[in-house]
Ligand SMILES: Nc1ncnc2c1ncn2[C@@H]1O[C@H](COP(=O)(O)OP(=O)(O)OP(=O)(O)O)[C@@H](O)[C@H]1O
Ligand SMILES: [Mg+2]
């Protein structure tokens with residue numbers, strides 16, 4: 001989809017890596033959820049948005065979850081901070097007991 005929209009192969013690869021990390025978190029922590037991919041129009045440029053949402057356990061301390069190396073599952077703790085670095089925009093909202101939504105965007109060069 002990113003390639004069809006004119007993103008470079010490099011950027012399409014970064015978007016795919018971000019989707020993969022967000023999907024892995026859904027499977028690991030919430031078991032199920034949704035990933036929505038869509039185009040977004042900025043003032044002068046076109047973007048690609050990925051919205052990963054679930055109704056899982058939520059994240060009690062989002063700032064902590066965004067730190068390199070923080071993991072509650074004994075994993076590397078690099079998924080969320082990595083996604084933040086791979087993409088141009090990053091937003092996360094999470095409510096303990098209700099779920100998590102991560103919205104990320106990449107703008108076409
Ligand atoms: N969708 C989610 N629902 C609930 N908790 C989450 C979710 N995504 C991330 N977390 C919490 O945030 C922490 C950090 O996530 P992150 O993806 O950075 O690391 P990780 O999944 O533990 O390890 P890695 O992704 O490097 O294998 C997780 O350990 C987990 O506690
Ligand atoms: Mg992860």
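Laboratory data are not the source of any read-out in this text; all were calculated from the coordinates shown. Computed from a predicted model, the values in this text were never measured in an experiment. Cβ: placed from backbone, ideal geometry, glycine included. Neighbour counts: every protein chain shown.
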* Structure fact -> dims of the chain, Cα set, principal axes, largest to smallest, nearest Å -> 38, 24, 22
* Two-site label geometry, residue 44 and residue 93: point separation in nm, points 7 Å out along Cα→Cβ -> 3.0
* Structure fact -> Taking the reciprocal of mean 1/r across every pair of different Cα atoms in segment 59-109, the Kirkwood radius in Å is 11.7
* **Semi-axis lengths, Å, segment 2-44, gyration tensor of Cα atoms, sqrt of 5 times eigenvalues** => 24, 13, 7
* Structure fact -> A chain fully extended from residue 8 to residue 29 at 0.36 nm per residue, minus the present Cα-Cα distance, gains in nm 4.4 nm
* To do: Sort 14-24, 64-74 for me by packing, meaning the mean count of neighbouring Cβ atoms within 10 Å per residue, highest on top.
  => 14-24, 64-74
